[in-house]
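Colleague: Questions regarding the structure given below will be posed in turn.
What follows draws every value from the coordinates through simple rules; no lab data is involved. Keep in mind that what you see is a predicted model, and the values were worked out from it rather than measured. Reconstructed Cβ throughout: ideal geometry from the backbone, glycine too, with neighbour counts over all protein chains shown.
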Amino acid sequence: MPTLPSTDAMLMIEVTRAVLQHVEEHAAIYRFGLSEASGANSLHAMLAGHFEASIRLLVDQHTLTIADDGAQPDPGLADFAARYISNGTVGVITGWLSEDEPRSIDAVLHAYGRLLPRWWPLTE
């Protein structure tokens, strides 16, 4: 299970909120870039890659530990988790952008926290 002090969890929430605020400020670009109409130029891969790199950095810095039921850290599990969380995050953002305005950052943060696995530090 990941171990993150509450101050680090709060930082993760603040960073996620900042990402959502950025996406909201540039919603038209992200809405098109994440749509099927953008084809091979989709922002999905770029965003997922960015989020995945951030997760891997947290794991490499030992800020976030992904282990199987308290066992030793498992690089394979960490790899799967980084891919799972990063692609799911892009899915949440894409769904959120499809909502009518005004969209609520607090509401999407709440929903996102409920959708993430319990071992992820952003969950409620």
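Colleague: Quickly estimate the mean residue ellipticity at 222 nm for the chain, helices only: each DSSP H run with n ≥ 4 gives -39500 (n - 2.57), and the total goes over all residues, rounded to 500.
Modeller: Rounded to the nearest 500, the figure is -21000 deg cm²/dmol.
Colleague: Taking 8 Å as the Cα distance limit and 6 or more residues as the minimum spacing, I'd like the relative contact order of the chain as a percentage.
Modeller: 34
Colleague: Normalise the Debye intensity by I(0) for the chain, one equal point scatterer per Cα, no solvent, then take log10 at q = 0.09, 0.19 Å⁻¹ and round to two decimals.
Modeller: Summing over Cα pairs of the chain leads to -0.26, -1.08.
Colleague: Here's a follow-up. Are there any GluC sites (Glu not before Pro) in the stretch 23-109 that are in a DSSP loop and have at most 12 other Cβ atoms within 10 Å? List them by number.
Modeller: Glu99
Colleague: Report, in degrees rounded to the nearest 10, the 0 to 90 angle that the Cα long axis of helix 75-97 makes with the longest principal axis of the chain.
Modeller: Rounded to the nearest ten degrees, it is 30.
Colleague: With a 10 Å Cβ neighbour count serving as the proxy for reagent exposure, in which order, fewest first, do Ser42, Ser35 appear?
Modeller: In order of increasing Cβ crowding within 10 Å: Ser35, Ser42.
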